[in-house]
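Working notes, beginning with the structure itself.
Nothing in this text is a laboratory measurement; each read-out follows from the coordinates by a stated rule. Just so it is clear, the model here is predicted, and its values are computed rather than measured. Here the Cβ is made from the backbone with ideal geometry for all residues, glycine too, and neighbour counts use every protein chain on show.
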Amino acid sequence: MQQGEKQTGRRGPGRHRRQPLKAWRAMQNLLKDGEATGEVFKIVEALEGGAMMNNTERLRARQGGAGLLAAKPDILEILQDRDKLKDYPEGSLGRAYLDFVVTEDLSADGLMAASMEADRDREFTEDERWFGERLRDTHDLFHVVSGYGRDGLGEISLLAFSSAQTPNLGIRFIIYMSQRSSRKDKSPVPSKECIREARENAARADWFAAQEWESLMPLPLEEVRDRLNIEPPDFYNETKRRFPQETAHPRDAAKEAAA
């Protein structure tokens, strides 16, 4: 630890103890309501098991990672400022993010509020907490960069992409249960293949969690994708075209039913 760096939280093994029953209860709630984002955070929190520490240390060991951890930039200062987002050039990552959140009726505050539903009984170091909050705050930005929509298939594919890059047992549990539910319902949607594509794309791409997103916001979206070696999710897009009703976002399905 560098001189002057403040680290807080228990360092004993108890702080990483998994709570499978708590995760299971949250999963049952999530299966009943796929829009219950707070349950996702409860699952991740319950099955954390040291993942935050491991991923934070992985970032620290990466070139430029220690600098990010020391500076702890707050991406919310950009994502919450729609006037600033409007000032970015047309076609830039910043403008694409703005278009996405406006179309989807989202805000960066929404994820932060949902995360507060989870019990905050884990004690993390300052670096670990910043890392976790940055992952939370950039989730919708990851949608934009990776090309996955907010429909159910897009969400589970993005989770597969993210957990392949940043391992997390809670996210893997959500993916597993989603697949189990699809098999039970005999869904014709080839979600397993979409998940495989997401993991393969994640393996080829640069690590999203290690990016200084603040400096990438003004750049053309396609340039950002090229820099990070992001392949388009072709199979996911083709699946959306083949199964428009089965993969529709619940919001769009409700609109169509009301028309």
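Here are the numbers for this structure:
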| read-out | value |
| --- | --- |
| Centroid-to-centroid separation of segment 130-173 and segment 194-231 [C-alpha atoms, Å] | 12 |
| Calculated P(r) tail over 34 Å for the chain, as whole % of Cα pairs | 16 |
| Rounded to the nearest 20 debye, dipole of the chain from Cβ charges on Lys, Arg, Asp, Glu | 1320 |
| Dimensionless Rg/Rh of segment 61-181 - Kirkwood Rh, Rg from C-alpha atoms | 0.97 |
| Under-5 Å amide H pairs with Ser92, H placed in peptide plane, nonlocal only | Leu221 |
